[in-house]
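Novice: Dropping the structure in here first, questions after.
Just so it is clear, none of the values below were taken in a lab; they were calculated from the coordinates. Predicted model, so just to flag it, every value in this text is computed and none were measured. Because the Cβ atoms are built from the backbone with ideal geometry, glycine has one as well, and the counts that use them run over all protein chains shown.
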Amino acid sequence: MSEKTTPRRILAEYTYQAPPVERGYAGQTLYVNLSDHTINARPVTGVMKDKFIGGRGFGLWLLWHGVKDDTQWNDPENEIVISSGPCGGITQYPGSGKSLVVSISPLTNVVIDSNVGGHFGPLLKFAGWDAIEVQGKADEDVIVVIDGPAGRITIEEAPDVPVDTYLLGHWLIEHMAEKEEDLYFISSVSAGPGAEHTRIGCLNFSLYDRRRKALRFKQAGRGGIGTVFRDKRVKALVVKSGPVRGDSNHPADGERITRVGAKLHKEIHDYDDKQCRMRRRGTAYLVQIMNDYDLLPVHNFRFGSHVDTPKINGDVWEQRFTQGLPDGCWYGCTLGCSHTVEGYTLRTGPHQGQQVLVDGPEYETIAGVGSNCGIFDPEAIMEINFYCDAYGIDTISFGTGTAFLMECYEAGVLDRQKTGGLDFRFGNAGAAIQLLHQMGRGEGFGQIAGLGIRRMKEYFVREFGADPQFLQDIGMEAKGLEYSEYVPKESLAQQGGYGLTNKGPQHDEAWLIFMDQVSNLLPTFEAKAEALHYFPMWRTWFGLCGFCKLPWNDIVPPDNAQTAEPAKIPEHVQNYVELFSGVTGREITKEDIIAMSEGVYNFQRVFNIRLGYGRRDHDDIPYRSMGPVTVEEYESRADRYDKQLRETLGLDPARMSTQDKVAALRKYREEQYEKLKDAVYARRGWTNDAVPTVETLQRLGIDFPEVVAVVQRYL
Amino acid sequence: MKVLSFDPELCVGCHICEETCSDTWFKVTDPAKSSIRIHDDGEGSSPSPILGRGVGGEGLLSAAFCNQCGACIAVCPTAALYRDKNGIVRIRKKQCVGCLSCVGFCPYLVMFYHPDQVEPFKCIACGKCADDCPADALAIVEVEAPASPQ
């Protein structure tokens, strides 16, 4: 709140009066075209509410109507759509402020959806818009400002400050807020220079932390949406709303919401310390658990544990994170996983020597840029975490991509000459940090690494004569998206959880490793297929409504284990039934939740098919995610693998070479994965080529003519 | 600091305090809008560990009301909860976003809420209920401020 805003050139302006939010909906979406400067309001229709709900559903619906069958990620008609959902912005239930971002991805060429905290989505709704749809490309860098209280939307010439989110984000709030109270109800979306120079760009959604009096950022990491953002020459989106109140979402029945909200707060108060300790450690609690179950990615997913894991586990982060503050990414989240390291002094890069607040690290970052790269140094993890955010780079794709590079380096595919001098041995944090700065500057090997694993593989084959099969086996990407950070090798169900997805291998569709591998609750293909129907649908629903998944199962009622289906957390499912019904006034059952998601999920599948992907072959996964690629890897778990050869395949491992054993196991596991595809496609109502049938589309009420026309090409 | 205290030996269970409280602060007679709740089953919360009194025992009535411990202040995301100069924990309604974190995290379950109002409410030791208590079971007493005020 320094000097008044320096006047900037206004390129387009639109005035409106923010409608009151009714039962979770503002009733209109905002369309902004950066090419021709069109700004207008579009009504939220009954079909949108009934079939697509909000959030990711609205994103998919709007994007579908904005693009053509052959639209590429960098075509002007590609869009970035941001929407929270009808329950987004309630303050009483933990995890109710998420936004979903949808676009065509520069990594996968199909639709990506990425969920993110921060205040933008709820404040956008309270400024009068259920979604913002950004299309076109600006001629010069611009910002888009949505000022709800003033009833004014502008496309403005961007300020002459660096695109680095750390600098730009602070500049924006200083110049957009006239007094301290204004800070509370402003949120920005920005990317960074790394998003310009790579395909793994992320978006930073800001929130003003009133307790710390500090600006913080949460990331929509997956799929390179930050890259699309900068390709459109957007520097930032800024929203201002009026004050947020406990009833700003104007629910149909507030009492139902407060009842379950207060109950969950109490449950977290009573049991979080005994369960996951999210309030102290956030998702970092997972690091040691994954290590202990041999599921923590180590050295590009070759191994699942490491002797040095205690150096980066939850105990370490509990010491680093500020304790005792409410660390929700939206108001009222008492699970509060959004922890920060305060007063971290940067060791490298353009902000070297500055003390900064690091948002995170979360589990995925610790495992991705840490253990998976053989880096067991918390300082290096914080350094990478900070600069990934500031540069607008996804920590998951950066971590998994760097781990791939390191294995290529150790396998001789790369050497110092090819990397421009970077020594990519596992564990070399200095090289990883230098690579990140190269991405930020758009220089050197960072430009190659920033292409993502799929395009790096092509490049290494083309330029360096690398063995394409080896790279295909070890490159942990599917559909073009880098894997998130769980080793799925010994869980067929989780291989499906990663592979049989719409957007690519991100665990937000299904996380079945414990059910399958540890508890053996999914012994048959049918059981696996049922889980790969139910859980992706269940988890999709969070992103339709504005909810976060974590308060569903990172805290559980004390008697949950005694319920009929503990993995579903039945009491919490009922909470969500109450919340949705209470907000929208639309009475639903738990079965309705699955049906809502199924419509949107199948629509997304058809969308991928429309864009030329989304069929059986596109659900293939690299062998590294199914089993041991190398002799060394086999031998690290020889007992397990020998047992499978002996008991399942009737072979005698004692009389086989390790290479023969690797080959026999591979043949078996690849066949299993194909059988899993058959079972899952059948359960989902798809053909054997993964195409939803017309009957399925009819059953789900999404048999719109243009949707049916897409699948009919493949039936 | 001055806080409310309760003597279970004297309480006759008339619930007049609840009526007084809701009358005072909500202008209605509704125990669901009272910041003090008398429990007839002897199983109410133990609202006054600072005082070492007010604990319901067998055959006794108990009272639930805020003892000004301040645990709620730490969980408030907007700093709407604060301790005033007299040591009393209060809510700045204008700053409250109605998230009810404080309700779930009150160790004594004495941060209350009601569907008619988005902000929660609590005892601020105004003393009206003590004035109206026919059995002198309630009183405003001087105690030491909490050792580590939030």
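Novice: Determine the shape class of region A:10-240: with a ≥ b ≥ c the square roots of the Cα gyration tensor eigenvalues, call it rounded for a/c under 1.5, and otherwise prolate if a/b is greater than b/c, oblate otherwise.
Specialist: Since a/c stays below 1.5, the shape of region A:10-240 is classed as rounded.
Novice: Another one. Under a straight-distance cross-link criterion of Cα-Cα below 17 Å, which aspartates and glutamates are reachable from A:Lys675, leaving out those fewer than 8 residues away in the same chain?
Specialist: The qualifying aspartates and glutamates are A:Glu490, A:Asp516, A:Glu526, A:Glu530, A:Asp617, A:Asp619, A:Asp620, A:Asp689.
Novice: Residues with amide H under 5 Å of B:His39's amide H, sequence separation 5 or more or different chain, H placed in the peptide plane at 1.01 Å from N; which?
Specialist: Excluding prolines and chain starts, which carry no amide H, the hits are B:Ser62, B:Ala63, B:Ala64.
Novice: Mind giving me the FRET efficiency for A:Arg152 and A:Asp50? R0 is 25 Å, r the Cβ-Cβ distance, nearest 0.05 is fine.
Specialist: 0.20
Novice: Just the Kirkwood number for region A:555-653, please: inverse of mean 1/r across all distinct Cα pairs, in Å, one decimal.
Specialist: 18.5 Å
Novice: Rank by packing, highest mean first: peptides A:54-62, A:211-219, A:452-460, with packing defined as the count of other Cβ atoms within 10 Å averaged across residues.
Specialist: Sorting A:54-62, A:211-219, A:452-460 by mean packing, highest first, produces A:54-62, A:452-460, A:211-219.
Novice: Now for a separate question. Measuring from centroid to centroid over Cα atoms, what is the spacing of region A:510-577 and region A:83-136 in Å?
Specialist: Each part's Cα centre sits 23 Å from the other's.
Novice: Then there's this: Just from its helices, what would the mean residue ellipticity at 222 nm be for the protein assembly as shown, if runs of 4 or more DSSP H residues each count -39500 (n - 2.57) and the sum is divided by every residue, rounded to the nearest 500 deg cm²/dmol?
Specialist: The helix-only estimate for the protein assembly as shown comes to -10500 deg cm²/dmol at 222 nm.
Novice: Also: Please sort by residue number the GluC sites (Glu not before Pro) in region B:57-150 whose DSSP state is loop and whose Cβ has at most 14 other Cβ atoms within 10 Å.
Specialist: B:Glu58, B:Glu144
Novice: With bins 5 Å wide starting at 0, give me the P(r) of region A:495-551 over every alpha carbon pair, in whole percents.
Specialist: 4, 20, 28, 25, 15, 7, 2
Novice: Taking 1 over the mean of 1/r across every pair of different Cα atoms in region A:85-204, what Kirkwood radius in Å do you get?
Specialist: The Cα-based Kirkwood calculation yields 15.8 Å.
Novice: In vacuum, with every alpha carbon of region A:118-160 counted as one equal point scatterer, what does the Debye formula give for log10 I(q)/I(0) at q = 0.13 Å⁻¹? Two decimals, please.
Specialist: Scattering profile of region A:118-160, log10 relative to I(0): -0.33.
Novice: Taking each residue in A:154-162, count the Cβ atoms of any other chain within 10 Å of its Cβ, then average. What number comes out?
Specialist: If you average over the peptide's residues, the count of other-chain Cβ atoms is 0.
Novice: Pairs of lysine in region A:159-250 with Cα under 20 Å and at least 8 positions apart or on different chains: total?
Specialist: Within region A:159-250, the lysine pair count is 5.
Novice: Something else now. Setting aside same-chain residues fewer than 8 positions from B:Lys27, which lysines have a Cα under 21 Å from its Cα?
Specialist: Within the straight-line limit of under 21 Å, B:Lys27 reaches these lysines: B:Lys93, B:Lys94, B:Lys122, B:Lys128.
Novice: What do you get when you divide the Cα radius of gyration of region A:262-303 by 2.2 N^0.38 Å, with N the number of residues?
Specialist: 1.54
Novice: Mind ordering A:87-96, B:67-76, A:644-653 by average Cβ neighbours within 10 Å, highest first?
Specialist: Peptide ranking by packing, descending: A:87-96, B:67-76, A:644-653.
Novice: Going by the alpha-carbon gyration tensor, a ≥ b ≥ c the square roots of its eigenvalues, is region A:207-322 rounded (a/c under 1.5) or, if a/c is not under 1.5, prolate (a/b greater than b/c) versus oblate?
Specialist: Here region A:207-322 falls in the oblate category.
Novice: How much FRET efficiency would the formula 1/(1 + (r/R0)^6) give for A:His250 and A:Ser657, where r is the Cβ-Cβ distance and R0 is 56 Å, rounded to 0.05?
Specialist: Taking R0 as 56 Å, the efficiency between A:His250 and A:Ser657 is 0.20.
Novice: To the nearest 0.05, what FRET efficiency results for A:Glu530 and B:Ala32 with a Förster distance of 51 Å applied to their C-beta separation?
Specialist: Efficiency, from the Cβ-Cβ distance: 0.70.
Novice: In whole Hz, with x marking every Gly and Pro, tabulate ³J(HN,Hα) for region A:550-564 from phi via Karplus 6.51 cos²θ - 1.76 cosθ + 1.60, θ = phi - 60°.
Specialist: These are the phi-based 3J(HN,Hα) values: 4, x, 6, 9, 8, 9, 9, x, x, 9, 4, 4, 8, 7, 5 Hz.
Novice: In addition: Relative to the compact-globule scaling 2.2 N^0.38 Å, provide the ratio for the alpha-carbon radius of gyration of region A:272-482.
Specialist: This ratio for region A:272-482 stands at 1.03.
Novice: Taking the Cα centre of region A:272-482 as origin, work out the dipole magnitude from +1 charges on Lys and Arg Cβ and -1 charges on Asp and Glu Cβ, in debye rounded to 20.
Specialist: Computed about the Cα centre, the dipole is about 180 debye.
Novice: Would you work out the relative contact order for region A:272-482, in percent, from Cα pairs under 8 angstrom that are 6 or more residues apart?
Specialist: Relative contact order, region A:272-482: 16 percent.
Novice: Same structure again: What translational diffusion coefficient, to the nearest whole µm²/s, does region A:213-270 have by Stokes-Einstein, given a Kirkwood radius computed over alpha-carbon pairs, a temperature of 10 °C and 1.306 mPa s viscosity?
Specialist: 101 µm²/s
Novice: Show me the trypsin sites (Lys or Arg not before Pro) within region B:67-140 that DSSP assigns to loop and that have at most 14 other Cβ atoms within 10 Å of their Cβ.
Specialist: When the trypsin sites (Lys or Arg not before Pro) of region B:67-140 are filtered for loop state and at most 14 Cβ neighbours within 10 Å, B:Lys85, B:Arg92 remain.
Novice: Follow-up. Roughly how many whole Å is it from the C-alpha centroid of region B:88-150 to that of region A:279-297?
Specialist: 39 Å
Novice: Please work out the C-alpha center-to-center distance from region A:157-186 to region A:328-359 and express it in whole Å.
Specialist: 18 Å
Novice: If I measure Cβ to Cβ between cysteines in chain A, which ones have no partner under 4.7 Å?
Specialist: Lone cysteines by the Cβ rule: A:Cys202, A:Cys276, A:Cys329, A:Cys333, A:Cys337, A:Cys373, A:Cys388, A:Cys408, A:Cys548.
Novice: Show log10 I(q)/I(0) for region A:2-86 at q = 0.10, 0.11, 0.15 Å⁻¹, two decimals, from a solvent-free Debye sum over equal Cα scatterers.
Specialist: Normalising to I(0) and taking log10 leaves -0.34, -0.40, -0.70.
Novice: For B:Cys123, enumerate residues with amide H under 5 Å from its amide H, sequence gap 5+ or separate chain, H modeled in the peptide plane.
Specialist: Amide H to amide H, under 5 Å and 5 or more residues apart or across chains, B:Cys123 pairs with B:Cys66.
Novice: With unit charges on the beta carbon (Lys/Arg positive, Asp/Glu negative), name the residue among A:Leu183, A:Asn109, B:Val143 whose Cα is farthest towards the positive pole of the charge dipole of the protein assembly as shown.
Specialist: Of the candidates, A:Asn109 comes out farthest on the positive side.
Novice: Another question about this same structure. Past the 20 Å Cα-Cα mark, which pairs from A:Lys125/B:Lys33; A:Lys263/A:Lys568; A:Lys479/A:Lys568?
Specialist: Over 20 Å Cα-Cα: A:Lys125/B:Lys33; A:Lys479/A:Lys568.
Novice: Pulled fully out, how much extra length does the chain show between A:Ala411 and A:Thr345, if you take 0.36 nm times their separation in residues and subtract their Cα-Cα distance?
Specialist: Working it through step by step, the gained length comes to 20.3 nm.
Novice: Now a separate question. Rounded to whole Å and sorted largest first, list the principal axis extents of the Cα atoms in the protein assembly as shown.
Specialist: Answer, in whole Å and largest first: 92, 69, 60 Å.
Novice: With +1 on each Lys and Arg Cβ and -1 on each Asp and Glu Cβ, and nothing else charged, work out how big the dipole of chain A is about its Cα centre, in Debye to the nearest 20.
Specialist: I would put it at about 460 debye.
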